[in-house]
Amino acid sequence: RIAEAHARIMWGFGVRPNDTVFIGSFFSLYWGSWGALLGTERLGATAFPFGAGVPGQSERGLEWMKEVRPTVFYGTPSYSLYLAEKARAMGIDPKKDFNFRILFFSGEPGAGVPSTRKRIEDTYGGICIDSGSTAEMAPWMTDGECAHRQGMHLWQDIVYAELVDRETHRKAPYGQEGVTVYTHLERNSQPMIRFWAGDIAYWTDDPCPCGRTYPRLPKGIYGRADDMFVIRGENVYPSAIENVIRGIEGLGDEFRIVITREKTMDEMIVQAERSPQADPEILPELKARLAGELKARGLRAVVELMEPGTLTRTEFKARRVIDRRRIHDDPADPN
């Protein structure tokens, strides 16, 4: 059943028996890797379960990508961009030397962020597909785009999905934003009933050109209820800042959001890197542009630009937000 469910979703976005699927993510308790493997085998395609996380594994993986030329990649968006950076340092051109026609992702919002999606597609030359769910609903990854890429379909006959208002917990009407809630339909042992996943999206039941009638998440999952932070009364999602950074030519792929508190005022610091291909002399221009783009979206931030390679890389899910605020005791309270 696991293999069949994943195969249906993978077939929907274009994987076929003549494909070779390179699985570049952890094979431990991360269910996405196992689902991609089982779905690939069920389709009759060739699986290349390479994994991730071992020292030196990224470099070996790049060599195998060039040698074997798999046609489909699975992993996290941040790891695919990290691999591209490594490839260029090794003299490998990801678009010319690899052969990916489909790159599908889960584990973090990046594949549904327009500028990140474009950067991945420009880097590798294949199409970027968003998919996923939550580990608690394992073993099924039941949110997934089709080949038309107009948002992730919610495969309701495998796992029943709802969007609910984050305050009232009532079901959100189509066309509105809500938090994902999932119910197992095919799990016999310890099924989850209306499990609060905490992912934020908006949904629609508008028809899709593929003909499937499942509800869709047109913008994918663009945040989490516990990832959103408030700066001076404004709700901020990391994916909104990611979309700005990845849309500016000359900036690299890594970034961090650092939140501090000066006396009683919260301060947001956005740290980004210059792209290795960008002229160091345009650093002031890049800094001004990033600050301006953030301000135009109502985001007040201190911008810090760094040299390539300054920020720590990840081979799995990227940690983007570092909250350094401290809640001080009330000096008037003797306790």
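Under the simplified labelling scheme, the Ile269-Ala135 pair shows an inter-label distance of 3.0 nm, with each label point 7 Å from Cα along Cα→Cβ.
What is the calculated FRET efficiency for Arg60 to Arg88, with r their C-beta to C-beta distance and R₀ = 22 Å, to the nearest 0.05? Working shown, then result.
Details: r = 17 Å, r/R0 = 0.76.
Step by step, r from the Cβ atoms, then E = 0.85.
Ignoring everything except DSSP H segments at least 4 long, calculate the 222 nm mean residue ellipticity for the chain; use -39,500 (n - 2.57) per segment, divide by total residues, nearest 500. Computed ellipticity for the chain at 222 nm equals -8000 deg cm²/dmol.
Computing Cα extents along the principal axes in Å directly from the structure and comparing it against (1) 65, 41, 36; (2) 82, 65, 53; (3) 64, 53, 40 singles out (3).
Across the range 190-206, rounded Karplus estimates of 3J(HN,Hα) from the backbone phi angles (6.51 cos²θ - 1.76 cosθ + 1.60, θ = phi - 60°) give 6, x, 8, 10, 6, 7, 7, 7, x, 7, 10, 7, 10, 10, 8, 10, 4 Hz, Gly and Pro being marked x. Comparing mean-square fluctuations of Arg324, Arg300, Arg149 from a GNM of the chain with C-alpha springs under 10 Å, the top value falls on Arg324.
Taking amide H positions as modeled 1.01 Å from N, with prolines and chain starts lacking one, the residues under 5 Å from Ile231 and 5 or more places away or on another chain are Val236. Within the range 1-148, antiparallel bridges make up roughly 10 percent of the DSSP beta bridges whose residues both belong there.
GNM on the chain, alpha-carbon springs under 10 angstrom: the most fluctuating residue among Thr168, Thr213, Thr204 is Thr168.
Of all DSSP bridge pairs formed entirely within the chain, close to 60 percent run antiparallel.
Taking the Cα centre of the chain as origin and assigning +1 to Lys and Arg Cβ atoms and -1 to Asp and Glu Cβ atoms, the resulting dipole is close to 440 debye.
Quick one: among Thr310, Thr40, Thr116, which has the greatest mean-square fluctuation in a GNM of the chain with alpha-carbon springs under 10 angstrom? Looking only at Thr310, Thr40, Thr116, the largest GNM fluctuation is found for Thr310. Here the dipole of the range 14-84 is about 120 debye; that uses its Cα centre as origin and unit charges on the Cβ of Lys and Arg (positive) and Asp and Glu (negative).
Taking amide H as placed 1.01 Å from N in the peptide plane, Leu185 has its amide H under 5 Å from the amide H of Tyr160, each at least 5 places away in sequence or on another chain. Taking amide H as placed 1.01 Å from N in the peptide plane, Ala278 has no amide H partner under 5 Å among residues 5 or more places away or on another chain.
Scanning the chain for GluC sites (Glu not before Pro) lying in DSSP loops with no more than 16 further Cβ atoms inside 10 Å, the longest uninterrupted stretch between such sites is 1-166. Exceedance of the 21 Å cut-off in Cα-Cα distance is limited, within the set Lys95/Lys219; Lys86/Lys219; Lys171/Lys219; Lys66/Lys95; Lys66/Lys96, to Lys95/Lys219; Lys86/Lys219. Here the 3J(HN,Hα) profile of the range 213-229, calculated from phi with Karplus coefficients 6.51, -1.76 and 1.60 at θ = phi - 60°, is 9, 5, x, 10, 10, x, 9, x, 9, 10, x, 10, 4, 8, 8, 4, 10 Hz, Gly and Pro shown as x. Computed from the C-beta positions of Thr20 and Glu234, the FRET efficiency with R₀ = 35 Å rounds to 0.15.
Coordinate-derived values only; no laboratory data. All of these numbers come straight from a predicted model, not from anything done at the bench. Cβ atoms come from the backbone with ideal geometry, glycine included; neighbour counts cover every protein chain shown.
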